[in-house]
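The values are calculated or read from the model by the stated rules, or taken from the named source; none is laboratory data. Values in this document were obtained by computation on a predicted structure and should not be read as measured data. FYI the Cβ positions are ideal-geometry reconstructions off the backbone, even for glycines, and counts take in every protein chain you see. Just the protein is used for accessible areas: all its heavy atoms, side chains included, with ligands, DNA and RNA removed. Shrake-Rupley method; radii C 1.70, N 1.55, O 1.52, S 1.80 Å.
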Amino acid sequence: MGACLALCSLASCASCLCGSAPCLLCGCCPSSNNSTITRLVFSFFLLLGTMVSVIMILPGMETHLRKIPGFCQGGTTIPGIENQFNCDVIVGYKSVYRMCFAMACFFFLFSAIMIRVRSSKDPRAAVQNGFWFFKFLILVGITVGAFFIPNGTFHTVWFYFGVVGSFIFIIIQLILLIDFAHSWNKIWVENAENTDNKCWFAGLLSFTVLQYALAITAVVLFYIHYTQPDDCTEHKVFISLNLIFCIIISVVSILPKIQEAQPHSGLLQASLISLYTMYVTWSAMTNNPNRKCNPSLLSLVSNVSNTEPSGDSNPGQVQWWDAQGIVGLVIFLFCTLYASIRSSSNTQVNKLMQTEEGGGSGGEDVVGEDGIRRAVDNEEDGVTYSYSFFHFHLCLASLYIMMTLTNWYQPDTTTQAMQSSMPAVWVKMSSGWLGLGLYLWTLIAPLIFPDRDFN
């Protein structure tokens, strides 16, 4: 009996996995718009690849694989069986590069296919919203093929692709944070005004003060631990400039003319952007190859000097897991989820992110025989987001994950090691500055172009 029920359940999900229907009649999908479900499933593909990359780069993974008889070349052998796998490629930074290469190719392929899809009536929309099983097979196939790419200069070349892609993705992250902060402030202010409950204003004030306090604390810690009296000039410039920029955007956000043009702008958004700017500053400074200016978090916590490396230290040995990398992954997860479910009324952000205001229209609720509401095709009259740009965003996210998991270290083909590099520092800082410029533009644009709609 149980086996029959299981077969019936699998059959009911077959249209989701193999069919072209966007899960409209499928009991295995939650009650929601198909545009949201599609973005969540593609984001799940990205998160699944991220988890595989994390497992591959775990310390000691290659050692454990070599213990499997007959698996790794140079590992434990079984008489009469030749070890086939090069475990140096399937674990470590090389595996992360290849896994993220496969994900980037997968999403770039769909980005090219979905160019100029206008509504769900386009035949390509069926591919976007269905055939999940076959799309998963395509991703697996590209991944397997990526591990057969010869070493050569692949990792060095792909490193520069990762730098450029991550630069763009950091800017997109900041745009999403700006949009989130605007929506957050708008909703809480409207709740306070409609319900006459002052707790909403107290919550806004509390979060604003907390975020500014964390940003100021970060600045103080940066000056203490990431600068030296006679060294680390770049760090001093970075910290000082970003502190000045954060003060500027905070002052501009509460100017009377800005408030008149944008009533919902305020210190909550500025405080969140300031805190994120400090994170980008910290992330950039941790890539400085000068160890005097870049102490490890372990040395800071244990109060151990890191100015002089020990004689037996391996220059190619890198620390895969550090605090800034973990924070970067958390922010990435938040932004990816937010990009999948967002429905913003901010015209400027919608234009930048190629999305439409609201959740779309054209479909009616679909109710199954059991009375449960199923996923709705809400894109018959027009798509609620750019399919192509969404996939391009996930392609950039794949490159950002690659750089984050490898700590932005640059592969050295001569020593087969990973080294910190100043280009990574400048890429992060310049993306942070460009993001601050975009936020400042969202504040002053309505004043410069009063005839345009910036609501």
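Per the listing VAL89, VAL96, the residue uniquely modelled with pLDDT under 80 and aliphatic (A, V, I, L, M) is VAL89. In the stretch 128-141, the residue that is least open to solvent (accessible area, probe 1.4 Å) out of those that are in a helix (DSSP H, G or I) and of a type in the set (Phe, Trp, Tyr) is TRP132. The criterion of being open to solvent by 20 Å² or more (accessible area, probe 1.4 Å) and either on the phi < 0 side of the Ramachandran plot or in a helix (DSSP H, G or I) (or both) does not hold for ALA181. A single entry from ALA112, ALA125 fulfils the requirement of being at pLDDT below 85 and either part of a loop (DSSP other than H, G, I, E, B) or within 25 Å of LEU48 (Cα to Cα) (or both): ALA125. When residues of the stretch 142-170 are filtered for being open to solvent by less than 50 Å² (accessible area, probe 1.4 Å) and either assigned to a loop (DSSP other than H, G, I, E, B) or under 29 Å from SER430 (Cβ atoms) (or both), how many remain? So the answer is 13. Among the residues of the stretch 214-235, those identified as in contact with a helix residue (DSSP H, G or I) (Cβ under 8 Å, 6 or more places away or on another chain), within 22 Å of ALA424 (Cα to Cα) and outside any loop (DSSP other than H, G, I, E, B) are ALA218, VAL219, PHE222, TYR223, HIS225, GLU234, HIS235. When each of GLN211, GLN173, GLN269 is tested for being open to solvent by less than 20 Å² (accessible area, probe 1.4 Å), touching a Cys at 6+ places or on another chain (Cβ under 8 Å) and in a helix (DSSP H, G or I), the lone residue that passes is GLN173. ILE239 falls short of the stated requirement of being modelled with pLDDT of 90 or more, of a type outside the set (S, T, N, Q), part of a helix (DSSP H, G or I) and touching a Leu at 6+ places or on another chain (Cβ under 8 Å). Scanning the stretch 370-395 for residues that are open to solvent by 10 Å² or more (accessible area, probe 1.4 Å), modelled with pLDDT of 65 or more and not in a loop (DSSP other than H, G, I, E, B) gives SER388, PHE389, PHE390, PHE392, CYS395.
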